[in-house]
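The values are calculated or read from the model by the stated rules, or taken from the named source; none is laboratory data. Note that this is a predicted model, so its numbers are computed, not measured. Methodologically, a virtual Cβ is constructed for each residue, glycine included, from the backbone with ideal geometry; neighbour enumeration extends over all protein chains shown.
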There are 2 protein chains.
Amino acid sequence: MKPYAEMTKEELLTELMALRKEYLHFQEMELHLDMSRGKPCREQLDISMGMMDALYSTADLSSEDGTDVRNYGVLTGIPEAKRLIGAMMENNPKNIIIYGNSSLNVMYDTVARAFTHGIMGNVPWGKLKKVKFLCPVPGYDRHFAITEYFGIEMINVPMSPTGPDMDMVEELVASDENIKGIWCVPKYSNPQGYSYSDETVRRFARLKPAASDFRIFWDNAYGIHHLYDDRQDVLIEILEECRRAGNPDLVYKFSSTSKITFPGSGIAALATSLNNLEDINNQLKIQTIGHDKVNQLRHVRFFKNIEGMREHMKRHAAVIRPKFEMLEDTFKEELGDLGIGEWTEPMGGYFMSFETLPGCAKAVVDKVKKGGVVMTGAGATYPYKKDPNDSNIRIAPTYPPLEDLRTAAKLFTLCVKIVSAEKYLEG
Amino acid sequence: MKPYAEMTKEELLTELMALRKEYLHFQEMELHLDMSRGKPCREQLDISMGMMDALYSTADLSSEDGTDVRNYGVLTGIPEAKRLIGAMMENNPKNIIIYGNSSLNVMYDTVARAFTHGIMGNVPWGKLKKVKFLCPVPGYDRHFAITEYFGIEMINVPMSPTGPDMDMVEELVASDENIKGIWCVPKYSNPQGYSYSDETVRRFARLKPAASDFRIFWDNAYGIHHLYDDRQDVLIEILEECRRAGNPDLVYKFSSTSKITFPGSGIAALATSLNNLEDINNQLKIQTIGHDKVNQLRHVRFFKNIEGMREHMKRHAAVIRPKFEMLEDTFKEELGDLGIGEWTEPMGGYFMSFETLPGCAKAVVDKVKKGGVVMTGAGATYPYKKDPNDSNIRIAPTYPPLEDLRTAAKLFTLCVKIVSAEKYLEG
């Protein structure tokens, strides 16, 4: 079929009639599918059930340094957990704090601490007239929700397959001391699945921020979440690169096992310089006596080491790869020549990003919803939920069973076609 | 032996010579005992080892409403956990949020939220020139550390066996709108083991604070932590009493299973009015996707219900009651007639409180430490670590084995005698 842009009005009308008829069929199916969030599916969760037997009532619950993990104490994590998560994050265990179950919570608390007490002796952000964050877009809605909640002004920075527009980042960060941070998902980004190029990481490490309390919020959520064994993105490790560049304190790096073991019952971590760690620990020791060490030990006993974790992630990949590939095949088949949509084909992570014609995303998501499938709301990938082009849609393939996802993909591409045809006819 | 105050100088000197000789014996023993914190002992932790088998790899990890507890979601806790913790806290499950592993963390976050975003539409505390908290003394050092960290001015309020001086509390709270909160450990208080009388609780519920965002921080840490089966303190439930008094939003009530199952691996909770819950949830949903539901389910499967929890607590009591009783016996035997110290004899909780002669607490703790036993630092039970009388010492009997504790008790009473005798001789 030829591109919609090249069709005559009559051809488009004929096409639209056929599409609408097809849409009616979907409505008659009374679907109730939810693909709004990046949740693992049941089969993925089953992979980690061995976690439940990793500790048992006759096991010795001592950490390798003799600490009884059942009792109080150990603010920053048991040594073997730091070593395992260090290997996962590619950081020295001494640069790591092991937290509770949620890296989002760690990010929130990091912003909150900067707000109430400032970073390394700087004025608390709450005392400043204006605080701004750079937000590569499209990006992760929960990041933007944190900065919005704190009244931080968010500035969009366009993403490309190699990362954020670094010319823009460098210029803004160097010229405006109100800019205190940037949200990054450097590897298999949410929602595109892009990974930052070597040049991008190097330029990040060499930023010259006007604000001495500017920090890169480096959310390494998908560090080992590859879809393929033979094709994987590899990034320069940011903490080391910052050190090499003479900017050792520039970055907070976050990660967790939420999408490795159990969402909500994993362990989260932060890696950063020793200066930043000291600053953080001065607050952390007021906030808590320590995080869940039993769960830390459970993770270590289950995985044993990073090799165990990597093998484990291959099993995840085997479950979700077919879902990504089916979507890509369906999109190609249904939309390939029509010139009405573009999508990313990531090698890892949890999402794909879809670009409709300008002004069509909201209408597509609405139409898909009326067909019985809930997707992430259009606009959610932008600060303040405002997509200036109304064109980006986040696709979360992992949760629904493959067959449901196939149905949803057909419905989705159908809706893209209908909305696009209507758009051309209006235009 | 007669009271030191009635001894002649010669008698005191003779006594002191004998005491110092005895102290040398202790120093020769080269003790290394730590009774500084209120930690459960190993035998107590062993009681909960069944927790490790409560979930297993072939178990169904669904909550009673069908939620897969392994996955994301459920911000405020699974229903059966709310019911169990509700029964433990004597609150309706609908008034409860189940959090992560640490009620201290919940308290910190509660203050932090008030600081950055205010309580129910009020001005954020961080925007005010002055914020004050009332602190019943002696009290819990980690409470005071939170308010100190946020630059909140702390005002001492004397404690009695029936609770804080309520005349003072009522007057201060009604007259000063900068007073935004009060720290309370209402049952088996830290460090005295006092429980608030019915009158005290009723007066708390009927406070008329000048500040509409004044809240009682009701840390119900020891709600079911009785030492005796036949003698237990029973309190009026504060949330219900506030409702009856027409002050439904006046209180945040905190609790956890830290000293029921495993410190650091329990579940914490907050109980409060629906208005407060709504206010809190507006922030909580930004901070996290949810807490550890697997651990919530683990607790429910292990205890089954509140009766299971109460039986469990009897086993704790059987381990620690002899420690409290031995201390009381030793204190009575060694210090009974001397008029140089007073101590509390609680029926529950984790601590005893000891009052030396004025100006002696620091010297006693120092001398005990040089004898090889670390106690909670003198002053720690007061805001800013400043005990105006230098007379209060917190005693934490639970952690050391009974025989070690016996040695420590002998050393402690010896040091009280030495320091007191020296005090009288100086005077």
Item to complete: Name every residue in region B:368-388 that is surrounded by fewer than 21 Cβ atoms within 10 Å (Cβ to Cβ) and in contact (Cβ under 8 Å) with a residue 60 or more places away in the chain, in order of residue number.
Response: B:LYS370, B:GLY372, B:VAL374, B:THR376, B:GLY377, B:TYR384, B:LYS385, B:PRO388
Fill in: Residues being closer than 30 Å to A:MET7 by Cα and surrounded by fewer than 18 Cβ atoms within 10 Å (Cβ to Cβ) - total across region A:296-329
4
Discussion item. Criterion first (modelled with pLDDT of 95 or more and under 15 Å from A:LEU31 (Cβ atoms)) does A:VAL364 satisfy it?
Written reply: no
Worksheet entry | region B:262-315, residues that are among the hydroxyl-bearing types (Ser, Thr, Tyr), more than 9 Å from chain A (Cβ to nearest Cβ) and either within 30 Å of B:LEU227 (Cα to Cα) or part of a helix (DSSP H, G or I) (or both) | B:THR272
Worksheet item: Residues A:GLU90, A:GLU43: which one is within 22 Å of A:ASP219 (Cα to Cα), charged (D, E, K, R), touching a residue at least 60 places away in the same chain (Cβ under 8 Å) and more than 8 Å from chain B (Cβ to nearest Cβ)?
Response: A:GLU90
Worksheet item: Quick one: which of B:PRO209, B:PRO191 is crowded, with 19+ Cβ neighbours inside 10 Å and without any contact (Cβ under 8 Å) to a residue 60 or more places away in the chain?
Response: B:PRO209
Worksheet entry | Subset of region B:236-290 (residues that are closer than 30 Å to B:GLU43 by Cα and of a type in the set (Gly, Ala, Ser)) | B:SER255, B:SER256, B:SER258, B:GLY264, B:SER265, B:GLY266, B:ALA268, B:ALA269
Discussion item. Yes or no: region A:244-256 includes at least one residue that is touching a helix residue (DSSP H, G or I) at 6+ places or on another chain (Cβ under 7 Å), within 14 Å of another protein chain (Cβ to nearest Cβ) and in contact (Cβ under 8 Å) with a residue 60 or more places away in the chain.
Written reply: yes
Item to complete: Among the numbered conditions (1) without any contact (Cβ under 8 Å) to a residue 12 or more places away in the chain; (2) not in a loop (DSSP other than H, G, I, E, B), tell me where B:GLU80 comes up short.
Response: (1)
Worksheet item: Does A:LEU24 meet the test of being loosely packed, with under 13 Cβ neighbours inside 10 Å and over 22 Å from A:GLY266 (Cα atoms)?
Response: yes
Discussion item. Please determine whether any residue of region B:229-238 is crowded, with 23+ Cβ neighbours inside 10 Å and part of a helix (DSSP H, G or I).
Written reply: yes
Worksheet item: Out of region A:125-139, which residues are touching a Lys or Arg at 6+ places or on another chain (Cβ under 9 Å) and within 13 Å of chain B (Cβ to nearest Cβ)?
Response: A:TRP125, A:GLY126, A:LEU128, A:VAL131
Worksheet entry | Lone unmet requirement of (1) surrounded by 15 or more Cβ atoms within 10 Å (Cβ to Cβ); (2) under 28 Å from A:ILE306 (Cβ atoms); (3) over 30 Å from the mean Cα position of the chain (by Cα); (4) within 9 Å of chain B (Cβ to nearest Cβ) for A:TYR56 | (1)
Practice prompt. May I ask you to say which residue of A:GLU11, A:GLU64, A:GLU80 is farther than 27 Å from A:PHE351 by Cα and in contact with a Ser or Thr (Cβ under 8 Å, 6 or more places away or on another chain)?
Written response: A:GLU80
Discussion item. Quick check on this structure: which one of B:ASN276, B:ASN220 is closer than 20 Å to B:GLY118 by Cβ and modelled with pLDDT of 95 or more?
Written reply: B:ASN276
Worksheet item: Exactly one of (1) in a loop (DSSP other than H, G, I, E, B); (2) more than 21 Å from B:ASP279 (Cα to Cα); (3) within 13 Å of another protein chain (Cβ to nearest Cβ) is unmet by B:GLY73. Its number?
Response: (2)
Item to complete: List the number of the failed condition for A:MET7; all other conditions in (1) touching a helix residue (DSSP H, G or I) at 6+ places or on another chain (Cβ under 6 Å); (2) more than 8 Å from chain B (Cβ to nearest Cβ); (3) at pLDDT 95 or above hold.
Response: (1)
Item to complete: Report whether or not B:GLU422 is among the acidic types (Asp, Glu), under 14 Å from B:TYR23 (Cβ atoms), out of contact with any Phe, Trp or Tyr (no Cβ under 8 Å at 6 or more places or on another chain) and in the same structural domain as B:GLU15 (by TED's automatic domain parsing).
Response: yes
Worksheet item: Within region B:8-56, which residues are over 18 Å from B:PRO263 (Cβ atoms) and either outside the structural domain of B:GLU422 (by TED's automatic domain parsing) or of a type in the set (Phe, Trp, Tyr) (or both)?
Response: B:TYR23, B:PHE26, B:ASP53, B:LEU55, B:TYR56
Worksheet item: Just checking, which of A:LEU61, A:LEU33, A:LEU13 is touching a helix residue (DSSP H, G or I) at 6+ places or on another chain (Cβ under 9 Å), within 11 Å of chain B (Cβ to nearest Cβ) and not acidic (Asp, Glu)?
Response: A:LEU61
Fill in: Identity of the residue in region B:98-120, farther than 15 Å from B:TRP218 by Cα and aliphatic (A, V, I, L, M), that ends up nearest to the other protein chains (Cβ to nearest Cβ)
B:ALA112
Practice prompt. Please note which helices (runs of 4 or more DSSP H) are completely contained in region B:100-192 and include at least 2 residues that are within 20 Å of the chain's Cα centre (by Cα) and closer than 20 Å to A:ASN281 by Cα.
Written response: B:103-117, B:141-149
Worksheet entry | Selection count, region A:29-46, where residues are surrounded by fewer than 18 Cβ atoms within 10 Å (Cβ to Cβ) and modelled with pLDDT of 95 or more | 3
Discussion item. On the basis of being over 13 Å from A:PHE217 (Cα atoms), surrounded by fewer than 22 Cβ atoms within 10 Å (Cβ to Cβ) and free of Cβ contacts under 8 Å to residues at least 24 places away in the same chain, does A:ASP167 make the cut?
Written reply: yes
